[in-house]
Each structure stands twice: as C-alpha cells, then as structure tokens.
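Have a look at the structure below, then the notes.
The values are calculated or read from the model by the stated rules, or taken from the named source; none is laboratory data. All values reported here derive from a predicted model rather than from experimental measurement. So basically every Cβ, Gly included, is an ideal-geometry build from the backbone, and we count neighbours across all protein chains shown. Accessible surface is based on the protein model in full, side chains and every heavy atom, while ligands, DNA and RNA are left aside. Shrake-Rupley method; radii C 1.70, N 1.55, O 1.52, S 1.80 Å.
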Protein chains: 2
Amino acid sequence: MTSGLRERKKLATRLALHQAALQLVAERGLDGVSVDDIAARADVSPRTFFNYFPTKDDAVVGIDASAVGQAAERFAARPAHESPVEALRAVHAQQATEMAGEPETLWPLRLRVIDEHPVLIARLHAVFGSAERALAEAIAVRTGTAVGADVYPTLLAAVSGAAMRAGLHAWLASDFTASLPALVDEAWDALAAGLPAPRR
Amino acid sequence: MTSGLRERKKLATRLALHQAALQLVAERGLDGVSVDDIAARADVSPRTFFNYFPTKDDAVVGIDASAVGQAAERFAARPAHESPVEALRAVHAQQATEMAGEPETLWPLRLRVIDEHPVLIARLHAVFGSAERALAEAIAVRTGTAVGADVYPTLLAAVSGAAMRAGLHAWLASDFTASLPALVDEAWDALAAGLPAPRR
DNA sequence: CGCGGATCGTGCAGTCCGGGCAATGTTGCG
DNA sequence: CGCAACATTGCCCGGACTGCACGATCCGCG
C-alpha cells in the first residue's frame, strides 16, 4: 500500500516543497518568495513544482485534496445510532488529536504563516469549503434528505468547518499552549447549547 | 454624500465591469474570458480594470470590501438588550431581504456563475471570511470578551457566515423560487435549537 | 469665472504565474 | 534483462498583475 520507492519519493518531495514554501514565506513574506525560490530550496526544477501544487499558495497551505475528503469518510463510518452532531464531534476530536500530535512544529508554523497573509487565509477557507461540500453530501445521506431539499446538510457541514476553524484560531491565539481537542470540544458545547451568550 | 459626478461615474463603471464579467463568464466559462475581454465590454482600457478590482475573480464575484464590514456595523448598532444570536438574526433578515430585492437577476446570476466554478466558490468563501473577522471583533465587544481569549466570538461569527451561505445555497437549489429570508431564518432556527437531526 | 490640486484613465514595459508539449531519465513488472 | 509506465525537466507561451509616467477630467477656492 504505502510501499514502492516511487510513492515514498513523491511524498518526500511534496513535503520538501511544502516545508520549503513555509520556511521561505515565514522569512520573507509571501510576496518575497517566488515559485523558483521554493523549487530551488527543495532541489527540484521550477517546472516540477507544478506537478505537485497547482499554485504557490497551495504549496504554502500544503493540504492536499485527498485529506479533504477524509472528514466526510470518517463521518460516514461512524455508528448509525449517533446523531449527526455526535458523529461530527467524534470525528473532530480524532482529527484535532492527530493535528496536535504531528511533527510538532508543522501545524503551528502553518497557522502562524497563514494567519499573517489574508490571501492564505482565503485559501484555507477554500480548502475547508470543499471539504464541507463533501461532508454535506454525507450528512444528507445519514439524515435521509437531499442536499438541495433541506438547509440542514449544508448548514451542519458549514458549521462543522466553523467549529474547527474557531478551535484552530483559539489554539493559535493561545500560542499553542492550550489543547486543541479541548478547544474544539468547547466550540461544540456552545453549538449544542444553541450558542447562548457566554456569561462573564 | 452620494453627489458628485465623479462618484457616480465610478460606481457606474464598477457595476459595468462586474456585469460584463458576469455575463461573459456565464457565456464562455471562467477560462474563456480574459481581463481584456471584460474591459472591452465595459468600454474601459484593460489597465483601468485593475483600478476597480484587484483580480479577475473578484470582478466576477463583485462584492467590495466596503460591503463586507457592513454586517459588523449593523450588528454593533442593534439594541443592547438583544442576545448576540438575536441581533445576528435580525441583521441577516435585513440583508437577505435586500439581496432578494435587488435588480432581480443580479444575485441569481452571480450565484449560478459562482456555483459553477470552484475557484469562485473559494473567492466567495474568502469574502465571507474577512467579513467574519470583522464580525468576531464586534461580537467580542458585545459579550465583553476578547477575540483571542474565548472561542465564542470567532465561533459565532463563523457560524453566522455558515447560516448565510446555507441559505444562499438552498436558494440556488430551489432555482430562486423559495424565499431567501425564510431560508436563512430556517437555518437560524436549527442553530438556536442546537442543530438536532431533522425529523423525516 | 478661472485656476491650482487632486483624482482618474490610459499606455508601456516588465515580472511572475501556470500550463502544454516533447525529450530524457528512472522505476517497477514480467 | 527489457519493456512499459511514470516522473523530471526544459522550452515556450499566453495571461494576470504592477510600477511608472503622462494627459484628461473634476472639484473647491479665491
């Protein structure tokens, strides 16, 4: 499955490009970095860059389309007795744990860099957006409706993105001292309660 | 305030460019249209195009940054006794009514064109995203917290975007036969109830 | 009325993004 | 070992977008 020298090499160069992009942008800012620079640091030709990422911005954000559908798949695999919200909470809990546990500095660096460049924030929103469309489909299946027929699937999918983004944002704001899973869970608490104004 | 020949002309060319972009893309698709084409149909020089929109995509989406802050301002202006959710609902009701009442075909055409091009969906998400950041600030003020300190402001701001997008999507799915304000309101009902699974 | 100052439209030149094509090298399979 | 598949790369091109400089237009003030 994961075997094959070819596969591993591809993954490696992909990661190399992503990290090169991340570092360079952290150093010089988005406009101070060209695709050629990134390719150079990753030791590939500029032309090859585009075999891995369609856009400079995408290389910086570094989230591939395959990871995008993941949420929807995991959601669909949850036990049938769970309500949509319960199932989504569980999926998010798992994802948040994974993200917090990765190579340590990867997500923090990513989020810091993205947060400083509106264009990249937009790109991140876009990635979430396409994940949400897939998710809406899965939600519709679970609730027995169609995406077009009811607001619920689209709404819940978008809301789930909102919860995750809010969690990530709070994580960044805490300078990564807080626990990401706890923050995401907190968001879901508020959602399940109907978003009452927080008492001070 | 609105006076001045200059002001009016600017608004006019801006709208002309937007509509030209919209029509052309509806006819030929996004890649079949160049900035020069759009400028030509709007009767301005290609260079002038960029005085009005930073990007071809932005011209198609056609929502300016000023309109973006609008939601936050209106929210801030709501009576203080309203809860954040109540205030947001009211703002959305007003916006939805306005959008449904505009030059008729403008929003429908916009939404149809955007829906067909993933890049434009992304751009729309981006616009919503920056609106949400402004809104989060306003929510933080109203609830007496800070944006970094609590998940709530970011979350609610993102959720409000989700509600509006879900409403718009359902509106499009109904081929604009349904009432946009009603759809948005329906979304808020679900949110206030904690997003229970819809009964079939 | 008319005269600066500010603002807008425009052309030109240049950089960079991003993609199609074809040659070359590398990997994996029988 | 040899062939087929695929990845890398170079070349080239059109289109997006920017900085600059100049002319035209509009606005406010005397």
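Using only the alpha-carbon atoms, how far is helix A:106-115 inclined from the longest principal axis of chain A? Give it as 0 to 90 degrees, nearest 10. For helix A:106-115, the angle is close to 90 degrees. For segment A:168-180, putting each phi into the Karplus relation 6.51 cos²θ - 1.76 cosθ + 1.60 with θ = phi - 60° gives couplings of 4, 5, 5, 4, 4, 4, 7, 6, 6, 8, 6, 9, 4 Hz, in residue order, rounded to whole numbers and with x for Gly and Pro.
Label-to-label distances for B:PRO79 across copies, nearest first, come out at 4.8 nm, using points 7 Å from Cα in the beta-carbon direction. When the convex hull of its Cα atoms is viewed from all sides, segment A:1-107 shows a mean projected area of 8.5 nm². Taking one quarter of the surface of the convex hull spanned by the alpha-carbon atoms of segment A:5-54 gives a direction-averaged projected area of 3.2 nm². Only alpha carbons enter this Debye calculation for segment B:65-192, each as an equal point scatterer, and the log10 of I(q)/I(0) it gives at q = 0.12, 0.22 Å⁻¹ is -0.45, -1.39. Counting Cβ atoms of other protein chains within 10 Å of each Cβ in B:124-133 and taking the mean gives 5.
To the nearest ten degrees, helix A:118-143 and the longest principal axis of the Cα atoms of chain A are 40 degrees apart.
What does the charge count around B:PRO108 come to, taking other residues whose C-beta lies under 11 Å from its C-beta (Lys +1, Arg +1, Asp -1, Glu -1)? Residues close to B:PRO108 contribute a combined charge of -2. Which residues of segment B:146-165 end up with at least 50 Å² less accessible area in the presence of all protein chains than when their chain stands alone, using a 1.4 Å probe? Residues meeting the cut-off: B:VAL151, B:TYR152, B:LEU155. Taking a point 7 Å from the Cα of A:SER130 along the Cα-to-Cβ direction, the residues of segment A:85-121 with backbone N closer than 18 Å to it are A:119-121.
The packing ranking of peptides A:91-104, B:162-175, B:18-31, highest mean first, is B:162-175, B:18-31, A:91-104, where packing means the average number of other beta carbon atoms within 10 angstrom of each residue. Distances between equivalent label points of B:GLY194 across the copies, with each point positioned 7 Å along Cα→Cβ, amount to 0.9 nm, shortest listed first. Helix B:5-28 versus the longest principal axis of chain B: what is the Cα-based angle in degrees, 0 to 90, to the nearest 10? The two axes meet at around 90 degrees.
Ignoring aspartates and glutamates fewer than eight residues from B:LYS9 along the same chain, the ones with Cα atoms less than 14 angstrom from its Cα are B:ASP43. Sorted largest first, the principal axis extents computed over the alpha-carbon atoms of the protein assembly as shown equal 64, 50, 41 Å. Rounded to the nearest 20 debye, the dipole size of segment A:63-192 about its Cα centre is 260 debye, using +1 on the Cβ of Lys and Arg and -1 on the Cβ of Asp and Glu. A simple spin-label model places pseudo-atoms 7 Å from Cα toward Cβ; at A:SER179 and A:ALA76 they are separated by 3.2 nm.
Partner lysines whose Cα lies under 29 Å from the Cα of A:LYS10, excluding those fewer than 8 positions away in the same chain, are identified as A:LYS56.
Accessible area per residue for segment B:65-192 is 40 Å², calculated with a 1.4 Å probe on protein heavy atoms, without ligands, DNA or RNA. Remark: label point of B:SER130 defined 7 Å out from Cα along the Cα-Cβ vector; separations to the same position in other copies 2.2 nm, ascending. For the chain pair A and B, buried accessible area totals roughly 3300 Å², probe 1.4 Å, rounded to the nearest 100.
For B:ARG112 and A:ASN51, the FRET efficiency from 1/(1 + (r/R0)^6), where r spans their Cβ atoms and R0 equals 35 Å, is about 0.55.
Segment B:ALA90..B:ASP189, full-extension length gain: 34.4 nm, with 0.36 nm per residue of separation and the alpha-carbon distance subtracted. When the solvent-accessible area of the protein assembly as shown is split by element, carbon and sulfur atoms take up 55 percent of it, the probe being 1.4 Å.
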